[in-house]
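Structure record follows, encoded as structure tokens.
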Amino acid sequence: MTTIKTIIIEDEINNAKLLEHFIIKYCPEIELIATCKSKNEAVESIKKLQPQLLFLDIILEDHTAFELLEEIDYSSLNIIFITAFDEYALKAFQYNAADYLLKPIQIDELIASVKRVVQRDEKNEFVDTEQINTLSNTLQSPNPKFITISNIDKVNFVKNEEILYCKSTGRYTEFYLTDKRKLMASKSLGEYEELFDPKSFFRIHRSFIVNLNYITNINKKAGNYCELTNGQSLPISRRRMESLIQFLRHM
């Protein structure tokens, strides 16, 4: 059986060893030819050994995977990105030929990724400059189009426009969506506040962030609250009321 020459690029030794073990045990299609711990070591090994596939950690000490790719010719390579970050950038990977694995790596996901690589390799399909640039730009975007809502069971990828509002429940956050779904996230409301586009989302209360596009009116008579397109009402704290009104006037 023809095997795919592969290099692992991972700066965390334990993660690298675990990935090596999984590949050797579950992925007979893969021939491991090197494991590198830094960008410079990886660049040298790639140029010398000419692999067909990279398992590439996105963060490499003080460098990123994209800085590494700027120094090599990846036109005949397949790349499986590895990341510990369950953030918005992952959605971009799903729409590109490039693949990804989320840490901690699951065996079934590893096997599925390798099978996709084998299929692309047989068709001579590889990642190209446009795909890599898309991923890089998405990672560096200050206001992503997608938010990842992760909990113990799974990670959901949700478009900003699908979010009506978010509610704080202690260290967790509840997302209420336009399709009437409710999703629980294992991050605080404050963490998500930093990820949202400030032009579309506003923290109206210590417990609520609302998508401004779905506010129909603000009622100041029977207590401060805003009404949403679905008929629901949310409280607005007194100290945030004036800021919200001023913000809406300039939208």
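Any read-out appearing in this document is the output of simple, stated calculations on the displayed coordinates, not a laboratory observation. If you're wondering where the values come from, they're calculated on a predicted model, not measured in any experiment. In this analysis, Cβ positions are derived from the backbone assuming ideal geometry, glycine residues included, and neighbour counts consider all displayed protein chains.
Structure summary
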read-out: Cα lying deepest toward the dipole's positive end in segment 146-249, options I204, G223, T173, charges on Cβ; value: G223
read-out: Size of charge dipole - segment 146-249 - debye, nearest 20, with Cβ of Lys, Arg +1 and Asp, Glu -1, no other charges; value: 400
read-out: Enclosed volume per residue, in Å³, of the convex hull spanned by Cα atoms of segment 146-249; value: 96
read-out: Förster radius 45 Å - calculated FRET efficiency between L49 and K182, Cβ distance, rounded to 0.05; value: 0.35
read-out: Label zone at K159 (point 7 Å along Cα-to-Cβ), backbone N below 19 Å, segment 191-207; value: 196-201
